[in-house]
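The values are calculated or read from the model by the stated rules, or taken from the named source; none is laboratory data. Quantities reported herein were computed from a predicted structural model and do not represent experimental measurements. Cβ sites come from the backbone with ideal geometry, for glycine too, and all protein chains shown count toward neighbours.
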């Protein structure tokens, strides 16, 4: 019975967050009302306020859900031994910037990033920060896994390599957010070019 209630609660959360995400995308964050979100999620407005204090909480819940989904996709890349090492790294980095844009546009993402900075102590702000940290660790995990398969034998500090790559992803994603003229395709191509340059410059990179 407890497990059933937890599943129902999780499903209710996902339904509310999904409704908010689709409404933010359609009419914008400012125009989306809690009443409209409740109607789309097929719950009462009171139910939403049981979980989220305001739209800011909902916005941070959306990016946290997106990060969790991205993490799960990333794990499937790590577990796929058929994919080439370089492609595995490029694919993982690509989903880090591609998946977020499936849910929200740049303007809404800018607001979400601002919320995470302004409300770092909030429950949803902390959850988002934790998921961002897990994505960075996931890239470390991938590169260490590739070493176990015979790659990067001559690179002494693989975690540092992964940190450099992940920090570059965050930097380029921030630049993408602040530049309305930069397309997602340009961001992806730039990150791929930069990542390949870093990997090819590493000792043993030719083995990728």
Please specify each residue of region 37-50 satisfying the condition of being in a helix (DSSP H, G or I) and either within 12 Å of the chain's Cα centre (by Cα) or on the phi > 0 side of the Ramachandran plot (or both). none
Residue within region 86-102 that is closer than 16 Å to residue 20 by Cβ and assigned by TED's automatic domain parsing to the domain that holds residue 173 present: yes
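Residues are listed down the side, and each one gets a yes or a no for (1) outside any helix (DSSP H, G or I); (2) within 23 Å of residue 67 (Cβ to Cβ); (3) over 18 Å from the mean Cα position of the chain (by Cα); (4) modelled with pLDDT of 95 or more:
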| residue | (1), (2), (3), (4) |
| --- | --- |
| 159 | no, yes, yes, no |
| 173 | no, yes, no, yes |
| 187 | no, yes, no, yes |
| 200 | no, no, yes, no |
Failed item in (1) modelled with pLDDT of 90 or more; (2) outside any helix (DSSP H, G or I); (3) surrounded by fewer than 18 Cβ atoms within 10 Å (Cβ to Cβ), with residue 53 passing the rest: (1)
Pick from 61, 32, 21: which is surrounded by 19 or more Cβ atoms within 10 Å (Cβ to Cβ), touching a helix residue (DSSP H, G or I) at 6+ places or on another chain (Cβ under 6 Å) and outside any helix (DSSP H, G or I)? 32
